[in-house]
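Notes for the one structure printed next.
The values are calculated or read from the model by the stated rules, or taken from the named source; none is laboratory data. All of these numbers come straight from a predicted model, not from anything done at the bench. Heads up, the Cβs are rebuilt from the backbone with ideal geometry, glycines too, and the neighbour counts pull from every protein chain shown. Just so you know, the surface numbers come from the protein's heavy atoms only, side chains and all, with ligands and any DNA or RNA stripped out. Shrake-Rupley method; radii C 1.70, N 1.55, O 1.52, S 1.80 Å.
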2 protein chains.
Amino acid sequence: MPAMSILSATHDLEPILNKTMADIVEARLREFIRNKNYKPGDSLPTEMELAEGLGVSRNVVREALSRLRMLGIIETRKKRGMVITQPDILGSFEKVLDPIMIDETTMRDIFELRLVLEMGLPDLLFPRLTDAHVAELEKIAREEQATDNFRIQNEIAFHGKLYEITGNNTLKRFQSLLLPIFAYVITLEEKPTRGKISHSGLVELLKTGNKEAFRQGMLEHLRPHFDRLEHPAPGETA
Amino acid sequence: MPAMSILSATHDLEPILNKTMADIVEARLREFIRNKNYKPGDSLPTEMELAEGLGVSRNVVREALSRLRMLGIIETRKKRGMVITQPDILGSFEKVLDPIMIDETTMRDIFELRLVLEMGLPDLLFPRLTDAHVAELEKIAREEQATDNFRIQNEIAFHGKLYEITGNNTLKRFQSLLLPIFAYVITLEEKPTRGKISHSGLVELLKTGNKEAFRQGMLEHLRPHFDRLEHPAPGETA
DNA sequence: GCTGTCTTTATGTACTACATATCGCCAAAT
DNA sequence: ATTTGGCGATATGTAGTACATAAAGACAGC
């Protein structure tokens with residue numbers, strides 16, 4: 001059997017790609033939109049024209065268009081046809097961000113990503129910080145002390161406010177989307193120990209205006225999480 | 001005209017939601033998968049069963065399934081039906097991350113996001129840094145000095161390596177996906193000034209083992225970009 | 001010049017039909 | 001008895017037809 005020689009190769013024999021027409025049409029449409037340099041508001045050919053042009057049934061074209069529609073790349077109005085729109089880049093992200101779907105490794109990766117964001121945040125935070133912002137943070141920190149016990153909601157409110165202060169809406173939404181992952185990972189951890197620096201402590205550091213002091217405070221605040229990240233870089237045998 | 005009274009209300013008269021059957025079925029299927037607590041490998045009912053159960057045509061079900069298939073939530077095999085899979089969370093992200101589709105505000109947001117990541121990176125980088133890693137970075141830095149002129153490719157190689165060293169594959173891929181946005185934003189900037197600290201300088205700081213010194217070096221390296229972010233937090237009149 | 005109606009047209013949905021791949025079963029061969 | 005090969009059943013993939021619906025554009029009426 002000459003076919004056997006293929007298997008004997010070092011190739012990892014990945015499954016043969018079973019591309020369906022809808023997949024191909026989707027890719028072709030993407031390419032089409034790119035090459036034609038369509039801008040938001042421009043309208044595409046009709047479904048029938050696309051189907052005929054591509055030599056497939058209208059059904060297939062509709063499946064492909066349905067995908068683009070879900071991603072927010074196009075919108076369709078009844079008679080006018082389909083128009084190009086600006087997709088919400090986080091909208092599609094949201095659709096697959098469900099803890100039940102994600103493997104644990106990826107969830108830990110995302111958790112680390114959050115820690116990185118948090119530690120880099122001061123450089124965006126300080127230039128845009130106002131007295132009003134500080135007051136809001138103080139209020140949230142006070143509520144934390146009032147309830148005393150570890151409230152995940154308060155945690156979310158405080159850190160969420162930090163992102164909000166940056167004025168970077170994409171960043172803020174990104175953080176919001178990642179929240180369920182954080183919550184899930186935290187439930188995986190045995191004892192929810194708190195860092196030495198509380199939210200009130202962070203606010204005090206903010207008020208000093210010392211960015212690096214604040215960053216070190218944040219590091220202390222997140223210390224319990226960082227301490228858990230002891231798995232080394234995988235695949236690196238150096 | 002009594003209809004006018006509606007407009008006079010404070011409601012922002014958002015466009016009537018024109019949900020198509022495919023949209024609804026997509027949502028229902030998502031819900032279905034969640035509630036049934038499906039795990040990867042489990043198989044869904046057939047298209048006909050779903051269509052009959054939902055009271056819609058097979059066409060509509062197929063459009064919805066086509067979307068889930070694109071996101072990698074399900075896979076379909078010829079006779080076995082459809083099986084749940086673990087989606088690649090960044091795969092869908094990739095599909096909408098095209099500079100021609102994204103408005104400039106979002107692109108600037110993403111650019112800032114990159115800066116935040118970069119500044120937070122040391123806390124993930126240092127615990128996992130090896131001598132071999134340093135050697136690789138040195139090599140890249142040397143190639144930069146050899147070519148002398150500002151090479152975007154070298155920039156990508158160096159910073160990409162930093163992400164790679166973290167061993168966080170999701171983070172690394174995320175950064176890779178964002179690269180086209182960075183490249184685009186940089187082309188928007190008039191003069192591509194370089195920071196005071198070069199890549200070689202960063203490697204030297206790495207070798208000292210002083211995390212904070214490295215972070216400050218990174219800040220200097222990125223200074224030209226940070227200096228451009230002077231638009232204040234929008235909507236905040238405080 | 002504005003308003004209301006009518007026609008046209010493209011999408012949304014349903015249904016039928018058939019090709020194709022594959023799973024499971026059963027029989028035949030070793 | 002285990003394996004191999006073929007056969008039928010079945011679910012997806014694709015094509016095509018038909019019709020409802022909404023909306024854009026034209027046109028007539030005031």
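Using DSSP loop states and a limit of at most 14 other Cβ atoms within 10 Å to flag GluC sites (Glu not before Pro), what is the longest stretch of chain B containing no flagged site?
With GluC sites (Glu not before Pro) excluded where exposed in loops, chain B gives B:1-188 as its longest stretch.
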> Which whole-number percentage describes the relative contact order of chain B, with Cα contacts under 8 Å and a sequence gap of 6 or more?
Replying inline: 16 percent
> Where in the range B:171-224 are there trypsin sites (Lys or Arg not before Pro) that are in a DSSP coil and have at most 14 other Cβ atoms within 10 angstrom of their Cβ?
Replying inline: B:R194, B:K196
> Which distances, shortest first and in nm, link A:D131 to the matching position in the other copies, using label points set 7 Å out along Cα to C-beta?
Replying inline: 5.6
>> If I model a spin label as a point 7 Å beyond the Cα along the Cα-Cβ vector, how far apart are those points for B:S176 and A:T193 in nm?
In response: 3.6 nm
> Taking the axis about which chain B rotates onto chain A, which residue of B lies nearest it as judged by Cβ position, and how many whole Å separate them?
Replying inline: B:G120, 1
>> Taking each residue in A:93-99, count the Cβ atoms of any other chain within 10 Å of its Cβ, then average. What number comes out?
In response: 5
>> Calculate the FRET efficiency for B:I24 and A:E204 from the Cβ-Cβ distance with a Förster distance of 45 Å, rounded to the nearest 0.05.
In response: 0.35
> What average number of partner chain Cβ atoms lie no more than 10 Å from the Cβ of the residues making up B:58-70?
Replying inline: 5
> Of A:D227, B:D42, which has the most accessible area and how do the rest follow, probe 1.4 Å?
Replying inline: A:D227, B:D42
>> Keeping every protein chain present and rolling a 1.4 Å probe, give me the accessible area per residue for the range B:7-87 in Å².
In response: 65 Å²
>> With the label 7 angstrom out along Cα to Cβ, how close does A:I24 come to the same site in each of the other copies, in nm, nearest first?
In response: 3.4
> How many times 2.2 N^0.38 Å is the alpha carbon radius of gyration of the range A:92-228?
Replying inline: 1.04
> In the range B:77-151, which chymotrypsin sites (Phe, Trp or Tyr not before Pro) fall in coil by DSSP and have 16 or fewer other Cβ atoms within 10 Å?
Replying inline: B:F150
> Which helices pass in chain A if a helix is a full DSSP H run, must span at least 15 angstrom along its long axis by Cα, and must have mean Kyte-Doolittle hydropathy not below 0.0?
Replying inline: A:104-120, A:169-188
> How big is the range B:7-87 by the Kirkwood estimate over distinct Cα pairs, in Å?
Replying inline: 13.9 Å
> Which whole number gives the average, over all residues in B:159-168, of C-beta atoms from other chains lying within 10 Å of the residue C-beta?
Replying inline: 3
>> So if the hydrodynamic radius of the range A:58-127 is defined as the Kirkwood radius over C-alpha pairs, what does Stokes-Einstein give as its diffusion coefficient at 20 °C and 1.002 mPa s, in µm² per second?
In response: 139 µm²/s
> Dividing the alpha-carbon Rg of the protein assembly as shown by 2.2 N^0.38 Å yields what?
Replying inline: 1.09
>> Roughly how large is the B-A contact in terms of buried accessible area, totalled over both chains, probe 1.4 Å, nearest 100 Å²?
In response: 5800 Å²
> In deg cm²/dmol, rounded to 500, what helix-only [θ] at 222 nm does the protein assembly as shown give when every DSSP H run of at least 4 residues adds -39500 (n - 2.57) and the total is split over its residues?
Replying inline: -20000 deg cm²/dmol
> Can you give the Kirkwood hydrodynamic radius of chain B from its Cα pairs, in Å with one decimal?
Replying inline: 22.2 Å
> Looking at B:A27, B:G81, B:L17, which one has the Cα that reaches farthest to the positive end of the dipole of the range B:7-87 (charges on Cβ: Lys, Arg +1; Asp, Glu -1)?
Replying inline: B:G81
> Taking the Cα centre of chain B as the origin, how large is its charge dipole in debye, to the nearest 20, when only Lys and Arg (+1) and Asp and Glu (-1) carry charge on their Cβ atoms?
Replying inline: 1060 debye
> Relative contact order of the range B:117-225: what whole-number percent is it, with Cα pairs under 8 angstrom and at least 6 residues apart?
Replying inline: 35 percent
> Between A:R223 and the same site in the other copies, what are the distances in nm, shortest first, taking label points 7 Å from Cα along the C-beta direction?
Replying inline: 3.3
>> Between A:L17 and B:A135, what is the label-point separation in nm under the 7 Å Cα-to-beta-carbon projection?
In response: 3.6 nm
